[in-house]
Amino acid sequence: MANNIHQIDLPKRVIVGSNILQDVGIHISELGLGKRVVIVTGSGITKSYGEEVKQVLVDRGFDVWTINVDRATMDEVERVVGIVREVRSEVIIGVGGGKAIDVAKYSSFLTSTSFVSIPTTPSHDGIASPFASIKDVSRPTSVRASTPNLVIADIEIISRAPRRHIISGCADLLGKFSAVLDWRLAHRLKNEYYGDYAASLALLSAQHIVKYSEWFAMKNIPKEAVRVLVEALISSGIAMAIAGSTRPASGSEHLIAHAIDVVANYPALHGEEVGIGSIIALYLHGRNWKKIKNVLKTIGAPTTAKEINISREQLIQALTIAHKIRPERYTILGENGMTIEAAENVARATSVID
Ligand SMILES: NC(=O)C1=CN([C@@H]2O[C@H](COP(=O)(O)OP(=O)(O)OC[C@H]3O[C@@H](n4cnc5c(N)ncnc54)[C@H](OP(=O)(O)O)[C@@H]3O)[C@@H](O)[C@H]2O)C=CC1
Ligand SMILES: O=C(CO)COP(=O)(O)O
Ligand SMILES: [Zn+2]
């Protein structure tokens, strides 16, 4: 950011549509990414999607190696990096949820190889962002990683993800209302860089979830709504790429979500925790938290500590440590955070606890 120079690395190509996996080889060739490919998937249902991608690539003459990962940890990243170097792979493809995509994304960053993102679930906005959540890299927040050269989001596949994942993605996006308020606050109080365009783009993704909340409330969520969600998740990732940080997408609501993970060892999906964090963050900002709580309720997202499997004591503890998660990122939690008494009052005022 020195001398006002701001570098933005964006994805080269983003494909959103149905039944598009068979074209992955064509896009990789057209973009000139290389012929030697490592595919990273999870070890459950995403394995079969990884096999499908492998078959398509092998049929087009690519050399392909597949690695299944169980967790998004540095051990798994090192395993992938080792294989990528050994087979001299030029491209890493992440096929799956946040775990597989983040391991692939960070491994690509460490090996300076091209990165292709093929999400199978819309549970979070890391699909197109240049940041990865690696669980044991010193702290529970994301680290700089590769911008995807190519994103292939197949709506047919993504629509088959569990309803809970779809709602988690919606809640991750609703978190942008408080994230942007925090960013503006840090700009005004701490003279931190603020990019209004990136902030507006992040807000747009959250506004679309509010606009389409009745569709997301349906038992069988229509594919059109899933497409809106996927495009909004990609757009939020682009906002992070434009900002050069996760600032437009992550504020005090994310600090609270990360603190919940620290206190209760990942009790719920990332977006579900962010939804709870948003209610509290908007309350602290003096904004219309009831409106966002209603949207969360309408779409079937958790709005209480109990619904994300944590006790009132765990929630209160998380609220009191949230400001320490990323001390350099100023938010409404301030430098000293909340006392136990304040945390209890806030959680009760918003009915996150009884
Ligand atoms: N990089 C970033 O900017 C961001 C990263 N994150 C991170 O992303 C992670 C959360 O991602 P999430 O996707 O929730 O977690 P996972 O990747 O762990 O996926 C959760 C489960 O869903 C399964 N799954 C994936 N696709 C489908 C599908 N189509 N149908 C049925 N099941 C499916 C996975 O299968 P399998 O077992 O095969 O993997 C896995 O068991 C967290 O680590 C979070 O920190 C969150 C936000 C932003
Ligand atoms: O989850 C994210 C954006 O939705 C990334 O946020 P962090 O930078 O706080 O990990
Ligand atoms: Zn998030």
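Inspect the stretch 152-166 for any residue being farther than 27 Å from residue 213 by Cα, at pLDDT 95 or above and outside the structural domain of residue 299 (by TED's automatic domain parsing) and give the result as yes or no. Steps first, answer last, please.
Restricting attention to the stretch 152-166, the residues satisfying the condition of being farther than 27 Å from residue 213 by Cα are none.
No, there is no match, as no residue in the stretch 152-166 is farther than 27 Å from residue 213 by Cα, at pLDDT 95 or above and outside the structural domain of residue 299 (by TED's automatic domain parsing).
Does residue 301 meet the test of being within 16 Å of ligand 3 (Cβ to nearest atom) and over 14 Å from residue 168 (Cβ atoms)?
So residue 301 fails the test.
Residue by residue through the stretch 52-89, note down the ones that are crowded, with 19+ Cβ neighbours inside 10 Å and in contact (Cβ under 8 Å) with a residue 40 or more places away in the chain.
Scanning the stretch 52-89 gives 53, 72, 77, 80, 84, 89.
Would you check if there is a residue in the stretch 149-170 being within 15 Å of ligand 3 (Cβ to nearest atom) and part of a loop (DSSP other than H, G, I, E, B)?
no
Please specify each residue of the stretch 229-253 satisfying the condition of being within 13 Å of residue 206 (Cβ to Cβ) and within 8 Å of ligand 2 (Cβ to nearest atom).
236, 249, 250
Checking residue 166 against (1) farther than 27 Å from residue 31 by Cβ; (2) out of contact with any Pro (no Cβ under 7 Å at 6 or more places or on another chain), which test does it fail?
Result: residue 166 passes all but (2).
Out of the residues in the stretch 107-133 meeting the condition of being more than 6 Å from ligand 1 (Cβ to nearest atom), surrounded by 24 or more Cβ atoms within 10 Å (Cβ to Cβ) and in a loop (DSSP other than H, G, I, E, B), tell me which one is nearest to the chain's Cα centre (by Cα). Explain how you work it out, then say what you get.
Of the stretch 107-133, the ones more than 6 Å from ligand 1 (Cβ to nearest atom) are 107-119, 122, 127-128, 130.
Of the ones still in play, those that are also surrounded by 24 or more Cβ atoms within 10 Å (Cβ to Cβ) are 107-108, 113, 115-119, 122, 127-128, 130.
Right, trim to in a loop (DSSP other than H, G, I, E, B) and you get 113, 122, 127-128, 130.
Details: 113: 22, 122: 9, 127: 7, 128: 9, 130: 10 Å.
So, considering only residues that are more than 6 Å from ligand 1 (Cβ to nearest atom), surrounded by 24 or more Cβ atoms within 10 Å (Cβ to Cβ) and in a loop (DSSP other than H, G, I, E, B), the one nearest to the chain's Cα centre (by Cα) is 127.
The values are calculated or read from the model by the stated rules, or taken from the named source; none is laboratory data. All of these numbers come straight from a predicted model, not from anything done at the bench. Quick reminder, even Gly has a Cβ in these numbers, built from the backbone with ideal geometry, and neighbours come from all protein chains shown.
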